[in-house]
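Everything below concerns the one structure shown next.
The values are calculated or read from the model by the stated rules, or taken from the named source; none is laboratory data. Nothing here was measured: the structure is a model prediction, and the numbers come from that model. Positions of Cβ are generated from backbone atoms using ideal geometry, with glycine treated the same way; all protein chains shown enter the neighbour counts.
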């Protein structure tokens with residue numbers, strides 16, 4: 001059975017690995033001839049606008065899907081017109097544009113940071129007045145890993161903001177004071193079955209995810225089950241509204257009192273869910289495949305406490321990491337470059353204190369490699 | 001990093017999968033153009049006696065290894081002469097010939113069934129007299145999955161036994177009355193580090209492994225830790241004697257009173273260890289790679305009770321299996337054929353009764369497929 005995938009990054013690579021043992025072969029379309037998924041599955045090297053390439057991608061494929069968010073609308077709608085494409089062009093469109101995304105959350109009564117559209121330089125001042133200072137200005141499209149964002153703290157900074165972000169449509173958002181960031185990975189199958197992984201606690205630095213812990217530690221103490229329920233309730237509204245099929249990730253800001261504000265969503269498997277490969281009954285990658293193929297979903301429970309440390313910029317010394325008990329190393333086959341996600345390490349432990357100790361050990365090894373610029 | 005592997009069966013396939021996320025690429029040599037590992041790694045299709053093919057296998061490889069037992073001595077010694085080949089020609093030679101294997105066990109004071117060599121038809125009667133009736137006659141080489149064996153229960157059967165087994169050198173063995181079969185998967189790294197997985201309980205039917213449970217249930221009650229220690233002690237003697245590097249599996253008969261008799265050993269990852277992919281901290285496949293590459297070994301502890309059900313002859317209806325909680329399906333990409341191992345299913349559960357219930361459910365699904373000859 002063949003599944004066609006738009007995008008051939010590490011998410012596609014891990015999707016293909018999950019498929020290997022289920023008799024599912026992933027085929028990828030990516031303009032990069034060195035796309036990481038090409039080591040695992042067939043890779044068609046072409047632009048996403050290449051209709052011939054898209055035809056080859058779906059030739060004989062049971063289904064098509066995507067592994068990155070910014071799929072061009074033309075590619076998504078072509079795949080949807082000519083076969084089954086999940087999560088669907090509509091879901092992608094809602095997630096690709098920050099104003100549409102926030103408006104969807106608001107419409108579904110899912111709390112979000114205050115927001116206001118900016119269509120031209122003259123909108124900056126009134127929009128920021130609506131959301132208040134400090135504010136974050138974001139390009140509505142193509143932002144990821146903290147790119148295309150600007151934090152405004154002083155009124156003087158407003159004048160230059162429009163041009164600093166490239167003179168494109170923006171959204172102004174309230175800069176939320178949050179206790180932590182959490183994400184929920186949800187999955188809905190073609191047959192309508194849904195499942196939710198435990199909430200994940202995420203730590204970003206310089207706009208890049210560094211560390212995830214799952215299940216998210218109970219903060220404040222005792223709030224865990226209610227918080228999980230709240231996040232699932234919000235996610236279910238989105239799944240239902242979009243008739244979503246596949247894995248959907250929603251990132252939330254959590255403020256004091258266990259309140260959640262939806263920050264953004266990703267219509268795909270997610271970096272914060274990589275721990276599910278070793279740490280959950282069934283991984284997000286396998287569940288995405290099960291969902292789009294209409295198979296029964298796998299159990300989403302955690303096997304115990306897990307953590308995930310991203311490898312950024314330079315690979316760590318492998319034997320040093322392998323010496324840490326419970327460490328599972330995932331390298332994506334990418335060449336080192338500052339700020340680039342090259343792999344991740346999942347850690348498991350029988351209890352939280354052991355997990356924390358192992359995690360700190362691995363973070364130190366990974367940080368040393370990043371600081372040193374790599375050991376090759 | 002490239003690892004060259006003699007043999008491209010499902011064991012090689014799973015070895016390659018374990019390597020994918022560690023930056024290790026496996027390259028295979030197998031005479032079968034449809035060898036299952038060829039879907040995952042580069043496959044050189046040639047006979048094992050083809051020296052040019054062996055040269056290509058080890059070209060640029062950090063190390064070479066094997067994934068089946070009956071590696072021709074010529075191939076093993078060529079690889080050993082021209083580079084690093086683990087577990088080594090000596091270890092393979094000891095495991096390939098049943099008389100050498102049993103003699104090694106005896107020499108290391110590891111209990112075995114009584115045995116005696118049969119070099120010609122005239123040896124059958126005295127050999128069987130030494131081991132007693134009922135006896136098992138086995139070809140000394142190339143037996144697997146119950147092939148090349150004959151059980152003698154009556155003296156009259158002796159006369160025809162030599163020719164029935166092909167007029168080749170045999171070994172006569174006492175037919176042990178055992179309570180159960182267990183296996184121990186041991187691993188020793190190039191740096192001398194050793195590790196042992198929990199004992200596994202195995203159920204064979206018609207000479208083929210059907211079911212493994214790990215850690216092996218405590219039989220008799222309370223004997224678990226002592227039995228584990230005993231098996232590890234025996235395995236360590238073999239590892240040390242052979243200066244073994246890689247995964248080594250020893251199969252034992254367990255009789256009443258928690259006594260173990262070594263039946264045979266396999267110088268490779270083993271079917272009874274497939275549960276380690278989901279059920280142990282680090283799988284046998286990853287640990288074999290770590291061992292031969294001289295990396296620190298991964299933890300061998302079980303995450304909880306696991307079971308493994310082999311898929312024989314015909315594939316089960318996939319969604320039926322996926323509906324069983326905690327079931328991880330592994331298909332090897334082989335075409336169905338009676339008696340052929342096509343895949344396996346690992347089951348995990350929070351406790352033994354739940355595991356047993358899930359296992360029985362999966363065994364019924366798998367048995368129905370085998371009886372029906374497959375659903376494709």
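Among the residues of the range B:80-93, those identified as farther than 10 Å from residue B:244 by Cβ and surrounded by 21 or more Cβ atoms within 10 Å (Cβ to Cβ) are B:85, B:92.
Answer with yes or no whether residue A:37 is buried (at least 23 other Cβ atoms within 10 Å of the Cβ) and closer than 26 Å to residue B:331 by Cβ.
yes
Per this entry, residue B:241 is not counted among residues that are touching a residue at least 60 places away in the same chain (Cβ under 8 Å) and surrounded by 16 or more Cβ atoms within 10 Å (Cβ to Cβ).
Only residues that are surrounded by fewer than 23 Cβ atoms within 10 Å (Cβ to Cβ) and closer than 21 Å to residue B:55 by Cα were counted across the range B:4-22, and they come to 1.
Where strands (runs of 3 or more DSSP E) fall wholly inside the range B:163-259, the ranges with 3 or more residues that are in the same structural domain as residue B:301 (by TED's automatic domain parsing) and within 29 Å of residue B:340 (Cβ to Cβ) are B:180-188, B:200-205, B:208-214, B:246-255.
Taking each residue of the range B:249-271 that is free of Cβ contacts under 8 Å to residues at least 40 places away in the same chain and looking for partners that are outside any strand (DSSP E or B) with beta-carbon atoms closer than 7 Å, six or more apart or interchain, yields B:258/B:220; B:258/B:223; B:258/B:226; B:258/B:227. Restricting A:294, A:301, A:326 to those that are in the same structural domain as residue A:267 (by TED's automatic domain parsing) and either buried (at least 21 other Cβ atoms within 10 Å of the Cβ) or modelled with pLDDT under 95 (or both) reduces the list to A:326. Taking into account only those residues within the range A:129-139 that are touching a residue at least 40 places away in the same chain (Cβ under 8 Å) and assigned to a strand (DSSP E or B), which is surrounded by the most Cβ atoms within 10 Å (Cβ to Cβ)? Taking the candidates together, the pick is A:135. Against the list (1) at pLDDT 90 or above; (2) under 18 Å from residue B:95 (Cβ atoms), the condition residue B:208 fails is (2). Are any residues in the range B:94-123 crowded, with 22+ Cβ neighbours inside 10 Å and on the phi > 0 side of the Ramachandran plot, and if so, which ones? Answer for the range B:94-123, where residues must be crowded, with 22+ Cβ neighbours inside 10 Å and on the phi > 0 side of the Ramachandran plot: there is none.
Only one of the numbered conditions (1) more than 14 Å from chain A (Cβ to nearest Cβ); (2) at pLDDT 95 or above; (3) more than 30 Å from residue B:83 (Cα to Cα); (4) surrounded by fewer than 23 Cβ atoms within 10 Å (Cβ to Cβ) is not met by residue B:259, and that is (2).
Can we say residue A:359 is more than 9 Å from chain B (Cβ to nearest Cβ), surrounded by fewer than 19 Cβ atoms within 10 Å (Cβ to Cβ) and modelled with pLDDT of 95 or more?
no
Please determine whether any residue of the range B:346-360 is touching a residue at least 60 places away in the same chain (Cβ under 8 Å), within 26 Å of residue B:65 (Cβ to Cβ) and touching a helix residue (DSSP H, G or I) at 6+ places or on another chain (Cβ under 8 Å). For the range B:346-360, residues touching a residue at least 60 places away in the same chain (Cβ under 8 Å), within 26 Å of residue B:65 (Cβ to Cβ) and touching a helix residue (DSSP H, G or I) at 6+ places or on another chain (Cβ under 8 Å): present. Step by step: first the residues of the range B:311-323, then only those that are buried (at least 22 other Cβ atoms within 10 Å of the Cβ) and more than 11 Å from chain A (Cβ to nearest Cβ), then the one that is farthest from residue A:16 (Cα to Cα). Which residue is that? This residue is B:312.
Could you say which residue among B:279, B:326, B:298, B:333 is within 15 Å of residue B:198 (Cα to Cα), touching a helix residue (DSSP H, G or I) at 6+ places or on another chain (Cβ under 8 Å) and within 12 Å of chain A (Cβ to nearest Cβ)? Result: B:298 is the single residue among B:279, B:326, B:298, B:333 that is within 15 Å of residue B:198 (Cα to Cα), touching a helix residue (DSSP H, G or I) at 6+ places or on another chain (Cβ under 8 Å) and within 12 Å of chain A (Cβ to nearest Cβ). Only one of the listed residues (A:72, A:126) is loosely packed, with under 15 Cβ neighbours inside 10 Å, touching a strand residue (DSSP E or B) at 6+ places or on another chain (Cβ under 8 Å) and outside the structural domain of residue A:289 (by TED's automatic domain parsing). That residue is A:126.
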